[in-house]
There are 2 protein chains.
Amino acid sequence: MAQNNTITFFDLTMAHGATTSPFVWSTKFALKHKGFDLDVVPGGFTGILDRTGGVTERLPAIVDDGRFVLDSWGIVEYLDATYPDRPLLIPHPGVASLARAVDAWFWRMIVGPWMRCFCADYRDLCFEQDKAYVTHSREIMVGMRLEEKQAGREDRLPQISAELEPLRIALRETPWLGGDAPNYADYRIIGPFLFLASVATIPPLAEDDPVRDWVERVRALFGGLGHHPGLFPLWGLRRREGDPELFAPQGQGGIHKRNTGPESTRAETRRITEGMTQD
Amino acid sequence: MAQNNTITFFDLTMAHGATTSPFVWSTKFALKHKGFDLDVVPGGFTGILDRTGGVTERLPAIVDDGRFVLDSWGIVEYLDATYPDRPLLIPHPGVASLARAVDAWFWRMIVGPWMRCFCADYRDLCFEQDKAYVTHSREIMVGMRLEEKQAGREDRLPQISAELEPLRIALRETPWLGGDAPNYADYRIIGPFLFLASVATIPPLAEDDPVRDWVERVRALFGGLGHHPGLFPLWGLRRREGDPELFAPQGQGGIHKRNTGPESTRAETRRITEGMTQD
């Protein structure tokens, strides 16, 4: 059991001091949800193998009473299995399956595109000793110079914002992805928003984005764990002429509106039958 | 309580007799999960208001001992609240939030595009008396003639298949979206696959698609509830030259692979650091 209620946590930050890795962010929230204090080992992208004594090249990683635990999902499973009497991160096995589906959608449609909008900033903001590795590895990942990949992001950010709609819809009827209370589903998805805040030198989302309420409520948990002076503002993207809508109008109809009888569907029925001759 | 364990279920079928509405399919599975027998009221797209005595223009709808219950989510909540001792459809509130996110992604990226690939078949397969309404309403929805919208689908189906990756990733580590056992998350997502089977005059997915195992296991539940002689084969799409990969190679690395130590990340590290000079 964690001595003095403390778990060793390997951080992965930018030069400004805020965590950048989405998975490391999610893990930090997970450890706090279980009620632990963190003994933070600071650091950037390079030297992880040295810092962890050869145990891993990638973070997150934790040490609990001398025992290394790796991998964001691996850590979550370890914490719930080892400390089942503390609040569960995954209170039902279906939460893990569905969170993986949501996470996979989120990376494919949102997080990957965000990363490509800020990949040169990402390099510029990292520690001096990380710049060669970050430049080299990310240029291989994106297939071109980071400045080229990042260019034109003003034209891409509005569409990425529009693609967040599934998250907005999920949060219309419940305050947390976890339902009545936050769980690892919330922490898993907040991770990439906080990665974004660690690199977003221009605001990627609108001031009045409906997802803002949830993002800020998650950031405020555990004494404001999702805040750090190094982070950039997420809110302030403005829609320009010709841009797509940044988010769907609230109270919209369609398949995600509930049918409570003919009054609730009349407007749509009128629209799709207008001009139709009755036999 | 349902007399003789039976609930009245308003079906929405094609002329071939198989259910077509995704939400009606999901509801049928939900009622069977709760262990009910169905008293099926057959029918197509028109006349729903008459069949339900003016209660609703849209399905699903059920009647339990004289009480009408509307809306796919409304029915699920009613069934779990009224019959809490039968297997729960939503065993944790987070399952509902996350299933809504997955469902919203699925409709946006997959189901809407599938519908546009089969919208003329959809009209051709419905009951004679439904054709005028389906043609008129769907042409308003898609903004052009149904034949025009459907045209070129051979070029679109491969990309839609590729977009299913989040579902394939979710099902890599657990047999059901519900975790160890199916719940409403599985039924919610199988609904649109069975809609697709009700209209897919050409196969929309590959024979060896990794999602096939889950789809067929859900269809086999409750004595093969997801089978009907009117349904078309889902599997048989062939990748043509120039098409995207229909699904990602299995055992792929990347962010959805678990880190178990340096051996598990060495290949990726080698790839992204190749040619880098060591200082």
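The values are calculated or read from the model by the stated rules, or taken from the named source; none is laboratory data. These figures come from a predicted structure and were not determined experimentally. Here the Cβ positions follow ideal geometry from the backbone for every residue, glycine too, while neighbour counts run over all protein chains shown. What goes into the accessible areas is simple: the full protein's heavy atoms, side chains included, and nothing from ligands, DNA or RNA. Shrake-Rupley method; radii C 1.70, N 1.55, O 1.52, S 1.80 Å.
Miscellaneous remarks
- For A:Trp235, inter-copy separations between label points set 7 Å beyond Cα along the Cβ vector come to 4.9 nm, shortest first.
- Size of electric dipole in chain A: Cβ of Lys, Arg +1 and of Asp, Glu -1, about Cα centre, debye, nearest 20: 200
- Within the range B:46-147: Cβ-based charge dipole about Cα centre, in debye rounded to nearest 20 (Lys, Arg +1; Asp, Glu -1): 340
- Paramagnetic reach from A:Asp37 in the range A:209-248 [backbone N under 19 Å; point 7 Å along Cα→Cβ]: A:222-225
- Figure legend: label point modelled 7 angstrom from the Cα of B:Glu128 along Cα→Cβ; residues of the range B:2-19 with amide N under 14 Å from it are B:15-16.
- Calculated label separations, B:Phe127, copies of the chain, 7 Å along the beta-carbon direction, nm: 7.1
- Accessible carbon and sulfur surface of the range B:137-216 relative to its total accessible area, %, 1.4 Å: 50
- Scanning chain B for trypsin sites (Lys or Arg not before Pro) that sit in a DSSP loop and have at most 16 other Cβ atoms within 10 Å, the longest stretch containing none of them is B:1-144.
- Scaled to the globular estimate 2.2 N^0.38 Å, the Cα spread of the range A:101-208, given as radius of gyration, is 1.17.
- Taking A:Phe9, A:Phe45 and ordering them by how much accessible surface each has at a 1.4 Å probe, largest first, produces A:Phe45, A:Phe9.
- Adding -39500 (n - 2.57) for every DSSP H run of four residues or longer, then dividing by how many residues chain B holds, sets the calculated 222 nm ellipticity at -13500 deg cm²/dmol.
- Mean separation of Cα contacts under 8 Å, 6 or more apart, over the residue count of chain A: relative contact order %: 21
- Size descriptor for the range B:138-279, Kirkwood hydrodynamic radius: 18.0 Å (Cα pairs only, one decimal).
- Semi-axes of the equivalent ellipsoid for the range A:212-279, Cα gyration tensor, largest first, Å: 42, 19, 5
- The residues of the range A:52-114 expose on average 31 square angstrom of accessible surface per residue, using a 1.4 Å probe on protein heavy atoms.
- Taking a sphere under 14 Å around the Cβ of B:Leu237 and counting the other residues whose Cβ falls inside, with K and R at +1 and D and E at -1, yields a net charge of -2.
- Interface burial in the range A:141-168 reaches 20 Å² or more for A:Met141, A:Glu163, A:Pro166, comparing the full protein assembly with the chain by itself; accessible area from heavy atoms with a 1.4 Å probe.
- The heavy atoms of B:Phe23 offer some 40 square angstrom of accessible surface to a 1.4 angstrom probe.
- Rounded to the nearest 20, the size of the Cβ-charge dipole of the range A:103-222 about its Cα centre is 320 debye, with Lys and Arg at +1 and Asp and Glu at -1.
- Rounded to 10°, Cα long-axis angle of helix A:184-199 versus longest principal axis of chain A: 80
- Each of A:Pro166, A:Pro210, A:Val199 was placed along the dipole of the range A:128-227 (beta-carbon charges, centred on the mean Cα), and the one lying farthest toward the positive end is A:Val199.
- Cα pair distances in chain A, grouped into 5 Å bins until the bin that holds the longest one, percent each: 1, 5, 11, 15, 16, 15, 13, 9, 5, 4, 2, 2, 1, 1, 0, 0
- Burial annotation for the range A:118-140: residues with an accessible-area loss of at least 10 Å² between the isolated chain and the complete set of protein chains, computed on heavy atoms with a 1.4 Å probe, are A:Ala132, A:Tyr133, A:His136, A:Ser137, A:Ile140.
- Contact order relative to length of the range B:129-235, as percent, for alpha carbon pairs under 8 angstrom and 6 or more apart: 24
- FRET efficiency, B:Ala151 to A:Thr273 (Cβ-Cβ, R0 35 Å, nearest 0.05): 0.90
- Added length on full extension, which subtracts the Cα-Cα distance from 0.36 nm per residue, B:Arg172 to B:Ala15: 52.8 nm
- Using a 7 Å projection from Cα along Cα-to-Cβ, the label point at B:Gly223 is separated from the same position in the remaining copies by 6.0 nm, smallest value first.
- For chain B, the longest principal axis of the C-alpha atoms and the axis of helix B:22-33 are separated by about 80°.
- Distance between the modelled labels on B:Gln3 and A:Val55, one decimal in nanometres: 6.6 nm (7 Å Cα→Cβ projection).
- Protein heavy-atom accessible area occluded, A/B pair - total, 1.4 Å probe, Å²: 5600
- Selection from A:Leu12, A:Ser137, A:Ala96 lying farthest towards where the dipole of chain A points positive, charges on Cβ: A:Ala96
- Helix B:262-273 and the long axis of chain B differ in direction by around 70°, with both axes built from C-alpha atoms.
- Radius 15 Å from Cβ of B:Phe29, net charge of other residues (Lys, Arg +1; Asp, Glu -1): +1
- Percent accessible area from carbon and sulfur atoms, the range A:1-124, protein chains only, probe 1.4 Å: 52
- Restriction of the GluC sites (Glu not before Pro) in the range B:119-224 to DSSP coil positions whose beta-carbon has at most 14 other beta-carbons within 10 angstrom yields B:Glu173, B:Glu207.
- The range B:140-279, accessible area per residue, ligands and nucleic acids excluded (1.4 Å, Å²): 48
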